[in-house]
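Written below as structure tokens is the structure these notes are about.
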Amino acid sequence: MIWTCNQTTATPAGTVAWGSAGTGPALVLAHGWPWSSYSWHRVIPTLAQQFTVYWYDMPGYGKSEKQPEQRTGLDVQGEIFAFMLAHWELDRPRVIAHDFGGATTLRAHLLHGCEFDRLVLMNVVAMRPWGSAFFDHVGQHVDAFAGLPPHIHKAVAQAYIEGALVSPINKEDLDALIAPWTTEDGRISFYRQFAQAEERYTAEVEPLFGQMRCPVHILWGEDDPWIPLDRGRALHGLMPDAGFETLAGVGHLPQLEAPDRVLTALTSFLMG
């Protein structure tokens, strides 16, 4: 496996774990919630044949630092994405964003002045409303959920993650997605993410979507149970110059549900 987070960097939001591989133009991968950079591990080997690929676990996620009272909302994530680009000394990288990696990278571009060569938005959190009824419920009762016994918490986290999928994924992949949330600090961080989710952080950038300064391609798993295809079409309506492509029979996690199809869909755009 090429994917590993064997490097660490101190950031204003805590220590971040990251990795890189390959040679060629810079390509940065931005994961979402409740994932980690591991979610990219099946597409990284092919991408690294053409690009220098960078990935990191966002603060509060994966192998990155998780601390009580740590701020990890979308406002912070946008700032840290900009911080990591500066740390890597990347001027205009290509970027692929998934889930709330969309809002993260859009905030970095539209609010923090980060320039991209091109941007892929894949099943992203970018527009209101977002979050399910369960998402809202947990956010209102974080202390009660944070106190669940470990085996019940693991079952909740697993059921939540499986609820994003339409196509089955490898059990090893599922276990690796769940694992960061089953430690003591991971369990606390898992529920803290619900509490810090605020739609105002997408509301701030929605009016700016017509001002993108780079080519954009929107890629959407058609059967996404979390962020329906209509939301992808609405996003395209606010970015009319963007490309728009769908993946039939795929849910919210295309890079693990259908990695080969994702790579095929992205090749011409990324290499153009």
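The values are calculated or read from the model by the stated rules, or taken from the named source; none is laboratory data. No experiment lies behind these values; they were computed from the predicted model shown. Glycine also receives a Cβ, built like all others from the backbone with ideal geometry; neighbour counts cover every protein chain displayed. Note: areas computed on protein heavy atoms with side chains; ligands, DNA, RNA excluded. Shrake-Rupley method; radii C 1.70, N 1.55, O 1.52, S 1.80 Å.
Side notes on the structure shown:
- Answer label, with percent of Cα pairs over 27 Å apart calculated from the coordinates and candidates (i) 52; (ii) 32; (iii) 39: (ii)
- What the Cβ-Cβ distance of residue 241 and residue 144 gives, at R0 = 45 Å and to the nearest 0.05, is a FRET efficiency of 0.50.
- Probe 1.4 Å, protein heavy atoms only - accessible area per residue of the chain in square angstrom: 40
- Annotation: amide H of residue 247 within the under-5 Å range of 220, 221, 222, sequence separation 5 or more or interchain, hydrogens built in the peptide plane.
- Whole-Å distance, taken between Cα centres, linking region 220-269 and region 99-116: 18
- Extension gain from residue 174 to residue 49, taking 0.36 nm per residue of separation minus the Cα-Cα distance: 42.4 nm
- Simple rule: put +1 on each Lys or Arg Cβ and -1 on each Asp or Glu Cβ in region 88-168, find the dipole, and look at 153, 133, 108; the Cα lying farthest toward the positive end is 133.
- From phi via Karplus (6.51, -1.76, 1.60), per-residue ³J(HN,Hα) for region 30-40 in Hz, x at Gly/Pro: 10, 7, x, 9, x, 9, 8, 5, 4, 4, 8
- Karplus (6.51, -1.76, 1.60) ³J(HN,Hα), θ = phi - 60°, over region 90-95, in Hz, Gly and Pro reported as x: 9, 8, 9, x, 6, 9
- Evaluated on region 38-112, the Kirkwood hydrodynamic radius is 13.3 Å, with distances taken between all distinct Cα atoms.
- In this structure the amide hydrogen of residue 11, modeled in the peptide plane, comes within under 5 Å of the amide hydrogens of 16, none closer than 5 places in sequence on its chain.
- Cα-based convex hull volume of region 48-157 per residue, rounded to whole Å³: 147
- Residue 112/residue 135 FRET efficiency (R0 30 Å; Cβ-Cβ; nearest 0.05): 0.70
- Placing dummy labels 7 Å off each Cα toward the beta-carbon, the span from residue 8 to residue 230 is 4.6 nm.
- Extension gain, residue 267 to residue 182, is 27.0 nm, computed as 0.36 nm per intervening residue step minus the present C-alpha separation.
- The length gained by stretching the chain between residue 158 and residue 71 to full extension, at 0.36 nm per residue less their Cα-Cα distance, is 28.9 nm.
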